[in-house]
Amino acid sequence: MWDYWPNTRSGFRVTIRGYGKVVVIGSVMAHIGGPHALHYVTSKGGLIALTRSLARAEGASGIRVNCAVPGSILTEQRFEEGGKVELGRLVAHQSLQRPGYPDDIAAACQFLASAAADFVTGQVLTDDGGWSNY
């Protein structure tokens with residue numbers, strides 16, 4: 001059993017006995033950095049550290065903690081805000097020459113939450129179309 005309070009404004013209590021899965025959502029920016037987004041990059045790097053620390057702390061309790069790290073994802077909001085040009089620029093830096101979609105990230109999270117990942121903990125699954133390879 002463990003308690004986790006992510007911030008002082010609001011918190012949640014997670015109580016799991018013997019088995020559980022936690023999937024943290026990070027960002028590829030934690031891997032590649034960004035000089036104009038220091039606060040964002042730092043917070044996403046912290047999520048990776050939190051993932052690994054929680055996995056070590058709670059593994060004996062049967063709790064698996066992993067992190068899904070998406071790259072640039074084409075969402076309705078991004079498209080509506082005129083982000084199509086920006087997304088095209090980002091896709092040019094990826095191995096796979098297409099944007100990521102919400103379903104791509106959902107599939108990664110589904111895997112991490114499934115029985116197929118019962119022996120996976122403390123890991124970072126980077127789902128970025130190869131962006132962080134460059």
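The values are calculated or read from the model by the stated rules, or taken from the named source; none is laboratory data. Note that the coordinates shown come from a computational prediction; the quantities given were computed from them, not determined experimentally. Here the Cβ is made from the backbone with ideal geometry for all residues, glycine too, and neighbour counts use every protein chain on show.
Structural remarks
- Criterion (more than 12 Å from the chain's Cα centre (by Cα), hydrophobic (A, V, I, L, M, F, W, C) and at pLDDT 90 or above) met by exactly one of Val65, Val120, Val124, Val91: Val120
- Taking segment 22-102 and the helices (runs of 4 or more DSSP H) fully enclosed by it, the elements with 3 or more residues that are loosely packed, with under 14 Cβ neighbours inside 10 Å are at 38-58, 76-80, 84-91.
- Any hit, segment 52-73, residues being farther than 20 Å from Tyr19 by Cβ, of a type outside the set (Phe, Trp, Tyr) and touching a Lys or Arg at 6+ places or on another chain (Cβ under 7 Å): no
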